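Report on one structure; see the data block that follows.
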């Protein structure tokens, strides 16, 4: 299965960019809610350092995950679908072969 | 001026421990309030990473600052007085020579 070197048409790129941005906004909004929720119940220093550890991990994860380079997009989208930040229907309009690859990788 | 090798009586150690704990609690409580305040107004990812940077810096600072080893205490207390986390009156009962050293260092 050839995964990384598929061509992306301009239409596909537009769909991909939109889907990427939607998932990113969804995940970041969820993360902001989590941080606000955790912050409200801070009462001791350990809670604060746990929040710091949480933010360190999430920053690392988010920085690594949202990699908008065309050869990586199939993997990026598969991860986002797997983690529930994107649905396959939001990728509608991509070449069926790409959708099939993303869907298969997301089930792994 | 000899700063590090002064003897500490048991009474002085009790006063020092109490003052140390008071300053620590004061600074941590203030820090928790700051984090809660910052968290309430989080609205974008940059705010969240700024909060992360703020926590990283504070964790490093607090870990380094609250060093309860007797030879370091004069310096620790001087820093705490200088930064407003402790008043000299809360060190009352320490040897006047120690108070004078702490006071002089705090003004540097």
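Whether any residue in segment B:54-76 is closer than 30 Å to residue A:28 by Cβ, surrounded by 18 or more Cβ atoms within 10 Å (Cβ to Cβ) and at the interface with chain A (Cβ under 8 Å from one of its Cβ atoms) is what I want to check.
Scanning segment B:54-76 turns up at least one residue that is closer than 30 Å to residue A:28 by Cβ, surrounded by 18 or more Cβ atoms within 10 Å (Cβ to Cβ) and at the interface with chain A (Cβ under 8 Å from one of its Cβ atoms).
Could you tell me whether residue B:6 is modelled with pLDDT under 95, surrounded by 15 or more Cβ atoms within 10 Å (Cβ to Cβ) and not in a helix (DSSP H, G or I)?
Yes: the conditions hold for residue B:6.
Across segment A:42-53, what is the number of residues that are in contact with a helix residue (DSSP H, G or I) (Cβ under 6 Å, 6 or more places away or on another chain) and either exposed (fewer than 13 other Cβ atoms within 10 Å of the Cβ) or in contact (Cβ under 8 Å) with a residue 40 or more places away in the chain (or both)?
Summing the residues that are in contact with a helix residue (DSSP H, G or I) (Cβ under 6 Å, 6 or more places away or on another chain) and either exposed (fewer than 13 other Cβ atoms within 10 Å of the Cβ) or in contact (Cβ under 8 Å) with a residue 40 or more places away in the chain (or both) in segment A:42-53 gives 0.
The values are calculated or read from the model by the stated rules, or taken from the named source; none is laboratory data. In this text, all values refer to a predicted model and were calculated from it rather than measured experimentally. Because the Cβ atoms are built from the backbone with ideal geometry, glycine has one as well, and the counts that use them run over all protein chains shown.
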